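Beneath this line is the structure, given in structure tokens, with notes to follow.
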Amino acid sequence: SSRDTKVVVAQLFARARRSVLVSSYSLGSGATLFAPLAARMAAVPELRVRMFFDITVGTDGSGPLTREAYEARFVRYFLGRQWRGPRLPEVFHDPRTIDDSNISLHAKCIVIDDEIALVTSANTSTAAHEENIEAGVLVDDRLFALALGKQFDDLVTAGLLVPVAGLS
């Protein structure tokens, strides 16, 4: 059936018991979109949440030039405008995006408890969840969800995705 992305995302976050993986290219409505997830993290202390973002999105090229400066700017933005929960998620990025504007972390998906996955064209932004026409598929298949989560695990293990200093 067809449903709004924001409805599906809120339902996914509400059912999480063990783990949540969120990947998005851009981040623009986190305070609203992530409110159910922050509440779930508060209610379920053992819930592990990992997020993957392109921290260079929204820059005009005249911004920070070092990885540390990009990370510091992202931390201020994330904590100031995107996250309202008492517990912080682990947040990762691809440091190659800082040195090469042709590389981006563009994957947009959510994996819940290694059981169900949403793969979507929607970023975590107001436009994507309330204005744009987006497409996505909800895959209720443990093997698929495990494989998708493992892809991110492998990228972290290989050092291609690294924690954002100050958030992880």
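The values are calculated or read from the model by the stated rules, or taken from the named source; none is laboratory data. Every value quoted in this text rests on a predicted model; they were computed, and no experiment measured them. Neighbour counts run over all protein chains shown; Cβ positions are idealised from the backbone, glycine included. Protein only, heavy atoms only, side chains kept; ligands, DNA and RNA dropped before computing areas. Shrake-Rupley method; radii C 1.70, N 1.55, O 1.52, S 1.80 Å.
Laid out as a table, the results:
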| read-out | value |
| --- | --- |
| Accessible carbon and sulfur surface of region 53-149 relative to its total accessible area, %, 1.4 Å | 52 |
| Shape call, region 42-121: gyration tensor on alpha carbons, a/c limit 1.5 | oblate |
| Selected from V22, V139, V111 as most flexible by GNM, with the chain as the system and alpha-carbon contacts under 10 Å | V139 |
| Accessible area per residue, Å², region 1-115 with all protein chains present, probe 1.4 Å | 48 |
| On Cα atoms only, tilt of 67-77 relative to the major axis of the chain in degrees | 50 |
| Residues of region 79-105 with amide N under 14 Å of a point placed 7 Å along Cα→Cβ from L65 | 99 |
| Per-selection Kirkwood Rh - region 1-147 (Cα, Å, 1 d.p.) | 15.8 |
| Expected 222 nm ellipticity per residue - DSSP helices of 4 or more, -39500 (n - 2.57), all of the chain, to 500 | -9500 deg cm²/dmol |
| Net +/- balance of residues flanking A147 in space, Cβ distance below 10 Å, scoring K and R +1, D and E -1 | 0 |
| Positive minus negative residues near F53 (Lys, Arg vs Asp, Glu; Cβ under 12 Å) | -2 |
| Antiparallel %, DSSP beta bridges [both residues in the chain], to 5 | 60 |
| Total charge dipole magnitude, the chain, about the Cα centre, Cβ charges on Lys, Arg, Asp, Glu only, Debye to nearest 20 | 580 |
| Only Lys, Arg (+1) and Asp, Glu (-1) charged, at Cβ; region 24-114 dipole about Cα centre in debye | 380 |
| Region 1-99: GluC sites (Glu not before Pro) in DSSP coil with no more than 13 other Cβ atoms inside 10 Å | E46 |
| Folded to 0 to 90 degrees: helix 142-157 orientation relative to the chain principal axis, Cα | 20 |
| Positive minus negative residues near A122 (Lys, Arg vs Asp, Glu; Cβ under 13 Å) | -1 |
